[in-house]
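The values are calculated or read from the model by the stated rules, or taken from the named source; none is laboratory data. Remember, it's a predicted structure, so these values are computed and weren't measured experimentally. We place every Cβ from the backbone using ideal geometry, glycine too, and count neighbours over all the protein chains shown. Heavy atoms of the whole protein, side chains included, go into the accessibility calculation; ligands, DNA and RNA do not. Shrake-Rupley method; radii C 1.70, N 1.55, O 1.52, S 1.80 Å.
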Amino acid sequence: MAENLQPTTLVILGVTGDLSQRYLLPALAEICQSSDIRGHLKILGISRHQITAQEILKNHAQSLAGQFTTYQMDYSQPAEYQKLKDFLENQDTQQIIFYFAVPPDAVLPIVDNLGKAQMNTSRYKLLMEKPFGTDLASAKKLIKEINKFFKEEQVYRIDHYLAKEMAQNIAVFLGSNALFRDVWNNHFIEKIQIVAKERLGVEGRGNFYEQTGALRDILQSHLLQLAALTLMEPCPDVFDFSQVQPRRLAALNQLSADVDSVVRGQYTGHKEEVNSPDSNTETFISLRLKSSSPIWQGVPIQLASGKKLDQKLTEIRVYFKKTQAAQANLLRLRVQPNEGIELALWVKKPGFEQDLQMLPLDFNYQQYFDKLPDAYEQVIVDAVRSRMNLFASSDEVLASWAILQPVLDTWGNKELKIYKPASTLKEVLNS
Ligand code: BG6
């Protein structure tokens with residue numbers, strides 16, 4: 001693993017926040033224990049308040065001992081950025097990555113101050129979380145503002161679904177298995193369904209979620225990226241990871257949303273949970289897409305996601321066509337939980353009758369691999385190694401907003417279906 005590693009300082013902006021505590025520090029603790037990145041990485045946790053490394057690290061003190069230090073600064077003071085620059089440039093490090101674990105409205109002012117303090121040369125990178133805008137116009141503006149100081153190759157936009165092991169495997173599965181490569185088109189495939197169900201509600205994130213909703217929170221990013229991975233054309237030659245990002249973009253550029261197919265829903269109890277009796281925010285969304293690619297014409301692609309549904313499950317279901325002679329098959333790419341691939345086949349039921357039954361041919365990661373890296377571990381390692389494949393490019397962000405903008409334009413008129421917690425997808429759609 002050491003070949004692409006250069007001495008790196010990861011600067012966490014907002015180290016005391018929820019994102020850093022829940023995802024980032026545990027991921028860093030894990031990769032520093034299990035990979036040789038440890039010898040190449042220093043971590044600087046920035047906070048507005050005076051706080052010690054011990055107080056921040058809590059359970060991770062042992063794994064990150066000697067690598068983690070804290071730094072206090074007021075993000076709103078331009079003069080403080082010069083001090084930070086002097087501090088960072090005195091470190092024995094080659095690349096400096098700023099991880100933005102701050103609220104969305106704090107991002108641009110910080111980027112601006114970093115740029116003005118000239119912390120934007122090629123050794124500096126930005127590692128950012130969604131939201132990347134709230135519609136097409138705001139995404140364009142955000143990208144333009146960031147590009148004033150930073151080049152595209154310096155900006156790593158995290159979509160943690162792209163880093164999930166099964167999501168990474170979709171391109172390999174389709175590109176490297178002759179059996180599927182040749183049937184991956186509208187001659188053989190009837191429809192595709194991409195589903196991300198959650199059991200939990202909005203939990204403590206009511207304020208954020210009221211301004212976001214399921215379309216912006218999950219569908220615009222995670223589900224459209226899964227759709228792009230499923231629909232992209234395979235590499236013409238031997239599979240190559242570096243070709244995945246441009247192919248995802250090409251697939252996104254061919255997609256459009258069927259505005260009339262949109263279903264918005266909200267679970268009973270959401271209004272009370274977020275303390276907003278008039279809340280019109282959707283906690284469930286379903287819509288159909290179509291692709292203008294000749295290989296996908298006529299194949300409906302349904303995306304659906306919701307909170308407080310019957311189970312936690314993300315999967316891609318590919319329904320193969322029935323022919324005159326043979327039954328239809330169903331392929332499930334299970335992103336989580338229980339990552340794997342399942343192909344439903346027709347078999348003869350043992351016994352004296354002549355009955356057929358559908359049974360799964362099942363590949364399950366857990367059977368063959370001890371442990372799958374968490375998506376956050378993967379994004380940190382890839383950013384340190386300057387691999388952009390698992391990150392969303394600015395063109396991908398714009399393409400995904402362009403698909404959804406017609407939906408957002410007619411959003412106001414859509415009825416909100418109220419569904420009971422623990423409903424199935426069908427129950428919400430038929431309610
Ligand atoms: C985040 C959303 O991007 O993804 C959350 O903001 C959602 O609302 C989460 O719960 C789901 O991620 P995962 O990895 O648990 O499926």
Among 78, 131, 294, residue whose mean-square fluctuation peaks in a GNM of the chain (springs only between Cα atoms under 10 Å): 294
Selected from 366, 423, 397, residue furthest toward positive end of dipole (the range 354-431; charges at beta carbon): 423
Charge dipole (debye, nearest 20) of the range 6-157; +1 at Cβ of Lys and Arg, -1 at Cβ of Asp and Glu: 260
Partner aspartates and glutamates for residue 321 [C-alpha distance under 17 Å; skip if fewer than 8 residues away on the same chain]: 182, 190, 342
Heavy-atom accessible surface of the chain: percent carbon and sulfur, 1.4 Å: 51
Distance from the range 147-177 to the range 13-90 (C-alpha centre basis), Å: 25
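Once you list every other residue whose beta carbon is under 13 Å from the beta carbon of residue 33, what net charge do they have if Lys and Arg are +1 and Asp and Glu are -1? Write down the numbers at each step before the final one.
Values: positive: 38, 371; negative: 30, 36, 374, 377.
Every neighbour counted, the sum reads -2.
Excluding residue 265 itself, calculate the net charge of residues whose Cβ lies under 11 Å from the Cβ of residue 265, where each Lys or Arg counts +1 and each Asp or Glu counts -1.
+3
For every other residue with a beta carbon closer than 14 angstrom to the beta carbon of residue 88, add +1 if it is Lys or Arg and -1 if Asp or Glu, then tell me the sum.
Net local charge, residue 88 excluded: +1.
Set the Förster distance to 51 Å, then compute FRET efficiency between residue 207 and residue 358 from the Cβ-Cβ distance, nearest 0.05. It would help to have the intermediate numbers written out before the result.
Values: r = 46 Å, r/R0 = 0.90.
Result of the calculation: an efficiency of 0.65.
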Cα-Cα over 27 Å, subset of 348/371; 83/148; 312/426; 322/417; 271/426: 348/371; 322/417
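Which trypsin sites (Lys or Arg not before Pro) in the range 134-191 pass both tests, a DSSP loop state and at most 16 other beta-carbon atoms within 10 Å? Please report the intermediate quantities before stating the final value.
Details: sites: 140, 141, 144, 148, 151, 157, 164, 181, 191; in loops: 148, 151, 164.
Passing sites in the range 134-191 are 148, 151.
Just to be sure I understand: of the beta bridges DSSP finds with both ends in the chain, what percent are antiparallel, rounded to 5? Walk me through the intermediate numbers first.
Working: 42 of 77 bridges.
Percent antiparallel among DSSP bridges in the chain is about 55.
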Solvent-accessible area per residue for the chain (1.4 angstrom probe, square angstrom): 47
For residue 299, distant residues with modelled amide H under 5 Å away: 291
Gaussian network model of the chain, Cα within-10 Å springs - most flexible of 347, 407, 299: 347
Net dipole in debye of the chain [+1 Lys, Arg Cβ; -1 Asp, Glu Cβ; about Cα centre; nearest 20]: 440
Candidates 182, 36, 370, ranked by Gaussian network fluctuation over the chain, Cα under 10 Å, top entry: 370
In nm, spacing of pseudo-spin labels at residue 21 and residue 50 (7 Å Cα→C-beta vector): 2.1
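Given R₀ = 35 Å, FRET efficiency for residue 388-residue 178 by Cβ-Cβ distance, to 0.05? Intermediate values should be presented prior to the final figure.
Working: r = 29 Å, r/R0 = 0.82.
For residue 388 and residue 178, the calculated efficiency is 0.75.
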Proximal lysines to residue 130, defined as alpha-carbon separation beneath 17 angstrom and excluding residues fewer than eight positions away on the same chain: 140, 141, 144, 164
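Grab the beta carbon distance between residue 241 and residue 261, set R0 = 45 Å, and tell me the FRET efficiency rounded to 0.05. Kindly include the intermediate steps, with their values, before the conclusion.
Values: r = 34 Å, r/R0 = 0.74.
Using R0 = 45 Å, I get an efficiency of 0.85.
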